[in-house]
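Engineer: The structure that follows is given in the form of structure tokens.
The values are calculated or read from the model by the stated rules, or taken from the named source; none is laboratory data. What you see is a predicted model, and the numbers here were worked out from it, not measured in a lab. Because the Cβ atoms are built from the backbone with ideal geometry, glycine has one as well, and the counts that use them run over all protein chains shown.
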Amino acid sequence: MELSSEDALRLNVMLANELEAVRIDESSMTVYALSPRGETAVRLNPNCRDESYVKQVKELLSTQVLGSPGGYPVYLKRWTRMGQTRDNNLDKLLMLGEPEAVVAVVHARGLTEDLARRAWWAMPSADNARKMLARDCVARSDLGRELAEFLIEFLPFEENPQDMIESVRLILQPGLIDAEARDRIWARARHKNTYYVGFLQAVPDELPEEHPPHPAREDVRCAMRPLLEQGNPAARLLDRIYSPAGQAYLRTVETVLRKPNNQDVVVELLEALKDYFSPVAAPGERLREIEAVLAQAGQRRQDPAATGDTVLAELLECLPDQADAIHALCVFSGVGERLVAPTFARTDAIGSVMRRKIEPITSPLFEHLQVLRGRR
């Protein structure tokens with residue numbers, strides 16, 4: 001069965017114009033086309049089952065655009081999501097009326113602001129918005145602000161914690177939202193602490209929460225001023241943590257760590273901590289057990305010169321009364337996904353059951369958090 005003569009004529013007339021993208025609404029059996037002059041629509045009149053008719057429409061589009069009725073190979077989902085689509089025909093892929101072809105463009109390395117605009121018109125979804133906002137060329141554009149607004153509105157309906165974290169992290173890129181919108185998301189995090197992880201990843205030093213500095217901050221800062229002026233990474237990290245912003249960061253970390261919703265939240269939080277404390281991370285391969293991390297941190301505190309930790313040795317010599325805090329820096333610099341990977345490989349537990357299973361890891365972390373917050 002071929003397309004009805006009326007539909008074939010109208011679609012060919014549509015394709016004869018300069019088009020930027022095409023999408024097919026199968027629920028209303030309508031083909032929409034975007035051109036520099038605006039949007040046009042062709043209401044289809046199927047003469048067979050809708051599914052078969054849409055397939056014929058896509059074959060017509062593919063023949064006109066690519067010269068072959070084969071269309072886009074939708075089975076290459078993994079390939080396209082790895083950004084392996086060639087960049088020389090991305091604009092043509094947007095005119096096939098095939099959602100998977102749009103996804104290929106969104107993931108392509110050659111994505112531009114203009115292509116992103118067309119792709120967003122063709123397939124406005126949260127996944128596409130996140131992927132495009134990860135590109136600087138999009139995040140810095142007017143489209144970036146539109147995508148951020150979309151993700152904010154969609155956030156309450158997001159079910160996957162990892163997607164929630166990614167959305168918040170991307171929304172918080174500079175220039176996308178104002179302070180009022182940021183504060184609204186932060187307020188929602190009180191009831192869904194998964195959002196906090198996105199803040200910890202995106203703006204660790206600019207959390208929308210006031211917190212007093214560490215009680216010893218001024219004395220410590222004065223004592224290690226020479227090291228700060230020399231650019232000692234350990235001294236700078238300790239000063240960062242003892243600041244009001246650093247104390248707010250630690251408080252937020254503790255809030256999430258006490259009640260993470262699922263395994264993804266735990267992993268993302270530990271990875272955020274790893275990045276934050278990376279200036280004092282020990283060289284070499286990351287450790288896989290909390291006992292090994294604690295032992296390594298203890299050794300670095302006891303004899304930093306023997307382990308080649310010159311910056312730690314200088315800081316410990318300058319601040320012997322802050323040895324516990326410096327020890328805590330070393331502990332947190334060794335955390336990451338690897339610590340929980342063996343546990344999570346054996347269970348898919350979530351909630352309170354999951355939290356009990358990772359207590360051997362989180363319990364010592366809570367102790368060191370209290371040290372850095374001046375509570376021990």
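Engineer: Which of the following residues is in contact (Cβ under 8 Å) with a residue 24 or more places away in the chain and surrounded by fewer than 12 Cβ atoms within 10 Å (Cβ to Cβ): Gly336, Gly351, Gly374?
Structural biologist: Values: Gly336 fails: surrounded by fewer than 12 Cβ atoms within 10 Å (Cβ to Cβ); Gly374 fails: surrounded by fewer than 12 Cβ atoms within 10 Å (Cβ to Cβ).
Result of the check over Gly336, Gly351, Gly374: Gly351.
Engineer: A follow-up question, please. Within region 119-126, is even one residue touching a strand residue (DSSP E or B) at 6+ places or on another chain (Cβ under 9 Å) and either surrounded by 23 or more Cβ atoms within 10 Å (Cβ to Cβ) or modelled with pLDDT under 95 (or both)?
Structural biologist: Looking for residues that are touching a strand residue (DSSP E or B) at 6+ places or on another chain (Cβ under 9 Å) and either surrounded by 23 or more Cβ atoms within 10 Å (Cβ to Cβ) or modelled with pLDDT under 95 (or both), one finds at least one in region 119-126, hence yes.
Engineer: Then there's this: Can you tell me which condition Val335 does not meet? The list is (1) closer than 20 Å to Pro204 by Cβ; (2) in a helix (DSSP H, G or I); (3) not small (Gly, Ala, Ser), and all the others hold.
Structural biologist: Val335 satisfies all of (1) closer than 20 Å to Pro204 by Cβ; (2) in a helix (DSSP H, G or I); (3) not small (Gly, Ala, Ser) except (2).
Engineer: Now a separate question. Given the options Asp239, Asp275, name the one that is over 27 Å from the mean Cα position of the chain (by Cα), in the same structural domain as Leu316 (by TED's automatic domain parsing) and under 29 Å from Asn193 (Cβ atoms).
Structural biologist: Working: Asp275 fails: over 27 Å from the mean Cα position of the chain (by Cα).
Just a single option satisfies the conditions, and that option is Asp239.
Engineer: Considering only residues that are touching a residue at least 60 places away in the same chain (Cβ under 8 Å) and of a type in the set (Val, Ile, Thr), which ones fall in region 288-314?
Structural biologist: Selection gives Ile290, Val311.
Engineer: Ala119 - would you say it is in contact (Cβ under 8 Å) with a residue 40 or more places away in the chain and in contact with a Phe, Trp or Tyr (Cβ under 6 Å, 6 or more places away or on another chain)?
Structural biologist: On the way: in contact (Cβ under 8 Å) with a residue 40 or more places away in the chain: yes; in contact with a Phe, Trp or Tyr (Cβ under 6 Å, 6 or more places away or on another chain): no.
Judged against the criteria, Ala119 is not a match.
Engineer: Same structure, new question: How many residues does region 293-332 contain that are in contact with a His (Cβ under 7 Å, 6 or more places away or on another chain) and surrounded by 22 or more Cβ atoms within 10 Å (Cβ to Cβ)?
Structural biologist: 4
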